[in-house]
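Presented below is the structure to which this report refers.
The numbers here are math on the coordinates, done by the rules we state, and not lab data. Predicted model only: the values in this text are computed from it and were never measured. Counting neighbours? That spans all protein chains shown, and the Cβs are built from the backbone with ideal geometry, glycine included.
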């Protein structure tokens with residue numbers, strides 16, 4: 001079942017940090033790759049909310065950390081924008097493209113920098129991100 005945003009119960013559990021419920025849902029066959037009306041998977045929501053345990057659970061259940069939502073943002077974009085260092089590190093360690101650009105040409109480093117998220121910016125820089133990358137306006 002979905003809500004008015006076309007989100008499933010797994011989206012809700014991921015967003016709210018209910019790891020036990022997410023585990024039950026996945027065990028019952030919930031799709032870790034299901035997208036909502038904005039193109040967000042449960043991993044996008046978990047990453048944006050800093051839900052490290054659920055992010056790890058979703059990745060182990062086969063969630064694609066490189067999925068882009070409708071605006072082109074990946075889970076790493078969201079973790080970076082909101083300063084969720086633990087999730088950002090988990091995603092970087094899983095091999096995501098740290099140079100991925102959203103529809104505006106912004107990388108996760110752009111978003112971390114714009115929001116003053118120094119810890120995530122350092123993680124991205126340490127991972128070899130191009131600090132000279134320009135967005136579509138630049």
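Comparing 33, 114, 81 in a Gaussian network model of the chain, where Cα atoms under 10 Å apart are tied by springs, the biggest mean-square fluctuation is seen for 114.
For residue 31 and residue 103, what is the calculated FRET efficiency with R₀ set at 35 Å and r taken between the beta-carbons, to the nearest 0.05? With a Förster radius of 35 Å, E is 0.90. Largest mean-square fluctuation among 66, 122, 101, in a Gaussian network model of the chain whose springs join Cα atoms under 10 Å apart, belongs to 122. Note on residue 135 and residue 94: their simple-model spin labels are 2.5 nm apart, each label 7 Å out from Cα toward Cβ. Once volume of the Cα convex hull per residue in Å³ is calculated for the structure shown, the corresponding label among (1) 176; (2) 89; (3) 103 turns out to be (2).
Classify the range 1-60 from the C-alpha gyration tensor, please: rounded if a/c falls under 1.5, else prolate or oblate depending on whether a/b exceeds b/c. Oblate is the answer for the range 1-60, as a/c is 1.5 or above yet b/c matches or exceeds a/b.
Based on Cα contacts under 8 Å between residues 6+ apart, the chain shows a relative contact order of 18 percent.
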